[in-house]
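Read-outs throughout are calculated quantities, based only on the coordinates presented, and are distinct from any laboratory measurement. No experiment lies behind these values; they were computed from the predicted model shown. Cβ atoms come from the backbone with ideal geometry, glycine included; neighbour counts cover every protein chain shown.
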Amino acid sequence: MFDKILETIKKYDTIVVARHIGVDPDALCSQLALRDVIQFNFPEKKVSAIGTGSHKFAHIGKLDKLEKNYSHALLIVTDTPDKRRVDSVDFSQFEEVIKIDHHPFVESFGRLEYIDDKASSACEIIMRFLVHTGLQLNSSIAELLYMGLVSDSNRFLFDSSTPELFALVSYFLKNYPFDLSSCYQKLYLRPLNEVRLEGYIALNMTVTENGLGYVSITNDIINEFGVDSASAGNMINNFNFIKEVLVWVTMTEDVKNEQIRVSIRSRGPVINQVAEKHHGGGHKFASGARVKTMEEAMKIIEDLDKVLETYQKEGIVNGN
C-alpha cells in the first residue's frame, strides 16, 4: 500500500494535506510532516496543509491558506476515520483522495486507505511510510513526527508502545538527530493560567461510585482563567493516574462554535462506542464528541457511568 500511495503522490502536481477538526499534535504534526516531506522530495509540486489552527499549537508549524478552487489535485487526509470530521475540505474539488489513519474503521472515503488501528499515532504510520519508500527527510521533519507520536502515545505510556515502535523511533533519532529537550518543551511548556485551571479541574471533578470522573468547564470559567476552550479540553490527559477514577471526562463550553467539547479517556472500560452513539468517535480508550448543549453532554456522562457499572459488576477491576 505504501508503494501505491507514493505512486499516486508522484502523479499530482497539486497536493493538499488535511486532518480532523479540533486539532491535536498528532493530527497537526502528521499533516505538516507529510506536506514538508513531499515538498522536500518533489520541490516542483505545490503542497499545502490546510485546516483551522489553534493558538495553543501555533509554535509547532504554520498551516497554508485554503484556496477556493483546486484543479487536478490530490487530497491526503491523516488521522481522521470519517468524512464529516475532516477540517475545511470540499471533497468535490479533488480528483483523488488518500486516507492515512490509526483510528478504528468508521467509513471509507478514499481510493487508497491505509488504516492501522494498532499504531500509536498517525505520525508512526508516516514514519513507516518514509522508511519503506526511502523518501528523503531532514531533522525538522523528524522532530515533527516524533512530537506527534509522543503526544498520542502519551510519552509511550500506552500499549501501542511496542518493541517495533521503539526500534522505529531509535532509527529516526539516530539518522535525523534533533534537540529532544526543545521538542518536549514545545509540547509541554504551559502558561501559569493553564496550570491554575488544571487545579480547578482537580478540585471540582465529580467522581461517581463506579469510578467516573467528570467536570464541566463553562465559558465563565474559561474567561476567569484566561484560556481558550481548546486549551481546557486538551488537559484531559493530565488526569491519567487517579486511583479512584477509571474513566474521566471534561465538558468544555465553546461559545464561538456554539458547542460543548466532550473529551473522554479511560484506563480500562471501552468508551468509543459511547462517543459514537453521540455522533463522536475515537479510540477504545481515548474518544470525544461535540454536542450542542450541556444537557446532551450529561447524557454522555450517564451512558459512561452505565458502562462503568457493568465493568465493575463483571469483576474486571484489579483482576478479580
Exercise for the section: Could you give the size of the charge dipole of the chain about its Cα centre, using +1 on the Cβ of each K and R and -1 on the Cβ of each D and E, expressed in debye and rounded to the nearest 20? Expected result: 480
Problem - Extension gain (nm, one decimal) between Val131 and Glu314, 0.36 nm per residue minus Cα-Cα - result: 61.5 nm
Fill in the blank from the handout: Lys243 and His55 label points (each 7 Å along its Cα→Cβ direction) are spaced in nm at 3.9
Fill in the blank from the handout: Quick calc of log₁₀ I(q)/I(0), segment 1-44, Debye, one scatterer on every Cα, no solvent, q values 0.22, 0.23, 0.32 1/Å, result -0.81, -0.87, -1.16
Practice task
Would you order Tyr188, Tyr146 from fewest to most other beta-carbon atoms within 10 Å of each residue's own beta-carbon?
Solution key: Tyr188, Tyr146
Problem - Exposure proxy order (Cβ contacts within 10 Å, fewest to most) of Thr162, Thr80 - result: Thr162, Thr80
Handout entry: Listed residues His102, His132, His283, most fluctuating in the chain (Gaussian network, C-alpha, under 10 Å)
Key = His132
Exercise for the section: For segment 1-137, list log₁₀ I(q)/I(0) at each q in 0.10, 0.12 Å⁻¹, using the Debye formula over Cα point scatterers of equal strength and ignoring solvent, two decimals each. Expected result: -0.27, -0.40
Completion exercise
Per-residue ellipticity at 222 nm attributable to helices in the chain (runs of n ≥ 4 DSSP H, -39500 (n - 2.57) apiece, nearest 500 deg cm²/dmol) works out to -12000 deg cm²/dmol
Exercise for the section: Please work out the FRET efficiency for the pair Met298 and Arg196, using the Cβ-Cβ distance as r and a Förster radius of 25 Å; give the result to the nearest 0.05. Expected result: 0.45
Problem - At 0.692 mPa s and 37 °C, Stokes D of the chain from Kirkwood alpha-carbon radius, µm² per second - result: 160
Handout entry: Residue order, fewest to most surrounding Cβ atoms within 10 angstrom, among Ile221, Ile264
Key = Ile221, Ile264
